[in-house]
1. What whole-number value in Å² describes the accessible area per residue of the chain for a 1.4 Å probe?
2. So how far apart, in nm, are the two label points at L3 and R52 if each is 7 Å from Cα heading toward Cβ?
3. Looking at the square roots a ≥ b ≥ c of the eigenvalues of the Cα gyration tensor of the chain, which shape do they give, rounded for a/c under 1.5, prolate if a/b is larger than b/c, or oblate?
4. What distance in nm separates the two pseudo spin-label positions at K29 and I65, each 7 Å out from Cα along the beta-carbon direction?
5. Which percent of the accessible area of the chain is formed by carbon and sulfur heavy atoms (probe 1.4 angstrom)?
6. Which of S21, N42, L86 sits farthest toward the positive end of the charge dipole of the chain, with +1 on the Cβ of Lys and Arg and -1 on the Cβ of Asp and Glu?
7. Among the listed pairs K29/K87; K50/K87; K16/K87, give every one whose C-alpha distance is greater than 31 Å.
8. In debye, nearest 20, what is the charge dipole magnitude of the chain about its Cα centre with +1 on Lys and Arg Cβ and -1 on Asp and Glu Cβ, if you could check?
Amino acid sequence: GILYELYDIISDRKEKMPEGSYTAYLFDKGIDKILKKVGEENAEVIIAAKNREKTEVVYEVSDLIYHLLVLLVEQGVELGHIFNELKSRR
């Protein structure tokens with residue numbers, strides 16, 4: 001549920017581009033900025049996991065998931081596509 005809710009919020013921000021929205025800022029800056037943030041968050045997850053900081057892992061993985069959802073919306077990939085792919089790998 002929460003992933004769909006967040007995906008919908010991100011989609012709405014892309015459509016409406018509200019002033020002051022960080023999500024709208026990412027869409028405005030384009031794919032390079034979005035990919036840079038995905039890479040940064042990925043590195044932060046790695047560092048948190050290496051340091052065995054559970055609360056930091058939770059925080060950084062949450063950031064990574066958010067930025068991945070922004071990337072999915074930018075690319076026109078729906079969550080159902082991801083879920084179907086994961087199901088096919090069982």
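The values are calculated or read from the model by the stated rules, or taken from the named source; none is laboratory data. A quick note: this is a predicted structure, and the numbers were derived from the prediction, not measured. When we count neighbours, we look across all protein chains shown, and the Cβ atoms used for this are built from the backbone with ideal geometry, even at glycine. The area values use the complete protein model at the heavy-atom level, side chains included, leaving out ligands, DNA and RNA. Shrake-Rupley method; radii C 1.70, N 1.55, O 1.52, S 1.80 Å.
1. The answer is 71 Å² per residue.
2. 2.9
3. It comes out oblate by the Cα gyration axes.
4. 2.3
5. C and S atoms contribute 54 percent here.
6. Highest projection toward the positive end goes to L86.
7. Among K29/K87; K50/K87; K16/K87, the Cα-Cα distance tops 31 Å for K29/K87; K16/K87.
8. With only Lys, Arg, Asp and Glu charged at Cβ, the dipole is about 340 debye.
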